[in-house]
1. Please pick out the residue among Glu333, Glu382 that is at pLDDT below 95 and surrounded by fewer than 24 Cβ atoms within 10 Å (Cβ to Cβ).
2. Confirm whether Asp113 is among the charged types (D, E, K, R) and free of Cβ contacts under 8 Å to residues at least 24 places away in the same chain.
3. Can you confirm whether Arg347 is out of contact with any helix residue (DSSP H, G or I) (no Cβ under 7 Å at 6 or more places or on another chain) and among the basic types (Lys, Arg)?
4. Which ones in segment 339-370 are more than 22 Å from Glu529 (Cβ to Cβ), touching a residue at least 40 places away in the same chain (Cβ under 8 Å) and either surrounded by fewer than 15 Cβ atoms within 10 Å (Cβ to Cβ) or within 20 Å of the chain's Cα centre (by Cα) (or both)?
5. With the checklist (1) open to solvent by 20 Å² or more (accessible area, probe 1.4 Å); (2) within 21 Å of the chain's Cα centre (by Cα); (3) β-branched (Val, Ile, Thr) in hand, flag the one item Thr414 doesn't pass.
6. Looking at (1) in contact with a Gly (Cβ under 9 Å, 6 or more places away or on another chain); (2) part of a helix (DSSP H, G or I); (3) surrounded by 20 or more Cβ atoms within 10 Å (Cβ to Cβ), which one does Leu125 not meet, given that it meets all the others?
7. Just checking, does segment 299-313 include any residue being within 17 Å of Ala221 (Cα to Cα), among the hydrophobic types (A, V, I, L, M, F, W, C) and touching a Phe, Trp or Tyr at 6+ places or on another chain (Cβ under 9 Å)?
8. Take segment 440-460 and flag every residue that is within 16 Å of Gly503 (Cβ to Cβ) and either open to solvent by less than 50 Å² (accessible area, probe 1.4 Å) or in contact with a strand residue (DSSP E or B) (Cβ under 8 Å, 6 or more places away or on another chain) (or both).
Amino acid sequence: MLMQTHEARLAALREELKRHQYDGFIVPISDEHMSEYVGDYAQRLGWLTGFGGSAGFAAVTLTHAAIFVDGRYTVQVREQVSAALFEYCSIPADSLAGWLAKVSENGARIAYDPWLHTAGWAAALERALAPAGIALVAAARNPIDAVWADQPAPSPAPALVHEDALAGQSSADKRAGVADWLERQGHDAVVIPALDSIAWLLNIRGNDVSHTPVALSYVIAHKDGHADLFIAPEKVTPELVQHLGNAVRVRDRSAFVAGLGELAGKRVAVDPDFGVAAIAQTLQAAGATVVAAQDPTILAKAMKNPVEQAGQRDAQVRDGAAVSKFLRWLAIEAPKGTVDELSAAARLAAFRREDAGLRDLSFDTISAAAGHAALPHYKVDEDSNIPIPPGSIYLVDSGGQYATATGSGTTDITRTVWIGPGAPSAEMKDRFTRVLKGHIQIDRAVFPQGTAGGQLDVLARQYLWEAGVDYAHGTGHGVGSFLGVHEGPQRIAKPSGGQAGTGQELFAGMILSNEPGYYKQGAFGIRIENLVLVEEREIAGAEGRWLGFETLTFVPIDRTLIEKSLLTADEIAWLDAYHAKVRTLLGPLLAGDDLAWLERETQPL
């Protein structure tokens, strides 16, 4: 039945393409803001194909169709997308241009939605298609929207004020900083389409995207310090208008294109990673000079001020208590064989919701049993859900968005635990302990100012490499302050392969994840993730400025999976000190059996 649904949708799309004399169309997972997570109205790829992953795209011609995903989704795409309708293509081995050239005739017109792709992407694909005689055409309207009869409307939820007491800096001060940047760079204005950048700049939040507290909007900031906020009228409250003040002009979201047109003759900065092609095309058509430059809020947003740091610490303790309650519950219930991946994720969410400060999860929980744990980005659903087998490894990667009157923050934590009865194999303990050793090395790292995240990555991998194994994801990503769980520009990952952010210098105030792992295909997976805060370090006799990490996440690490003989005395001391702090911070929030469990699990190794 589901295949028939997607077959009908594919047929309807092709009829729409014919009406506009298009020979094909590209369907990404994206929105007008190049968001990582998108609202229901923008889930076009899922509607067309059935694919539920968070990264990938499809290409549809009048006679062929393919879906492109990377190695994270090789298994999932085959479970969710019909091979009778879509060819499976792998990124980066298979190129979009190569596939289109193979299935299209000379003179073909392939359409794309310029509101869902960057100008750089469009230019690169246009160049790649030219030798095959294929034209890339910007569609005036997304053809999927024309045939998606019950497409949800964008969220009407009101934008919310994020009080200065929680933000640690007023929006006026932030806008002044952007105006100073514009003056120094010789620009007249900057277009800010990234939703988390807008939320940070204006000290607002929203409920328009699952797990990320942002409001659908655009901002044009000017060098005189004032700004235009383009947002749907139903999202605007009197409280919001009062909060924004006279220096922020509130305009209808539908007036954004006209607002771009008003920049004729101006030098306008647009971030090439977040500014969609339609923005650049509209500015150029109006006679503006478009300058590619990083959004000036991105680095400032990444460097958390003392108020944001305090809010993060508070959120981590609240979250740590909830995760600890869950791990105790899991240790009792899972060995009975009655817990599955979905029910475990639901129980963890319920423990988090016991805290009145929880506003949302920060992403869909990765609840992964047995071989599913070997898929780093596994997303459980009704079709893939399996019982957690007794006598196996279980991995849970999860987080929350917290906001109270005294602080706010975003959490992200992974714990890998042994589900009894029985004992883990020697291989499992070896791999877990090597992952732990790498995790400890990142946590304890001390490095000079000027160090980039990519330079630290090897610290996490060295003990796995000694055993001839590795993991295929980055070691750490940036995290927002009651914003996106994935935030740039900082990153800890291998510096090769053009991975964004690995060359970004680390500055005090940045928050990153520390999450090395190991994955044995079809058998088990291991990941240990805490969040860390870059901080200045005082070193006697040091030359220059030095940095290190403050640990933010405090939840017991499963000692059942540790091979103690592989740990040095210093590493054992780190683990014991870590668990002592877990007891100190979480103990006051737990009671009875939960507290007794915590005290057992945090005893010295």
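The values are calculated or read from the model by the stated rules, or taken from the named source; none is laboratory data. The model shown is predicted, which means the values in this text are computed figures rather than measured ones. So basically every Cβ, Gly included, is an ideal-geometry build from the backbone, and we count neighbours across all protein chains shown. Only protein heavy atoms, including side chains, enter the accessible area calculation; ligands, DNA and RNA are left aside. Shrake-Rupley method; radii C 1.70, N 1.55, O 1.52, S 1.80 Å.
1. Within the list Glu333, Glu382, the selection yields Glu382.
2. No, not satisfied.
3. Considered against the rule, which asks whether it is out of contact with any helix residue (DSSP H, G or I) (no Cβ under 7 Å at 6 or more places or on another chain) and among the basic types (Lys, Arg), Arg347 comes out as no.
4. Once the filter is applied, which keeps residues that are more than 22 Å from Glu529 (Cβ to Cβ), touching a residue at least 40 places away in the same chain (Cβ under 8 Å) and either surrounded by fewer than 15 Cβ atoms within 10 Å (Cβ to Cβ) or within 20 Å of the chain's Cα centre (by Cα) (or both), segment 339-370 yields only Ala356.
5. Every listed condition holds for Thr414 apart from (1).
6. Every listed condition holds for Leu125 apart from (1).
7. Scanning segment 299-313, I find at least one residue that is within 17 Å of Ala221 (Cα to Cα), among the hydrophobic types (A, V, I, L, M, F, W, C) and touching a Phe, Trp or Tyr at 6+ places or on another chain (Cβ under 9 Å), so the answer is yes.
8. Answer for segment 440-460, where residues must be within 16 Å of Gly503 (Cβ to Cβ) and either open to solvent by less than 50 Å² (accessible area, probe 1.4 Å) or in contact with a strand residue (DSSP E or B) (Cβ under 8 Å, 6 or more places away or on another chain) (or both): Phe447, Pro448, Gln449, Gly450, Thr451, Ala452, Gly453, Gly454, Gln455, Leu456, Asp457.
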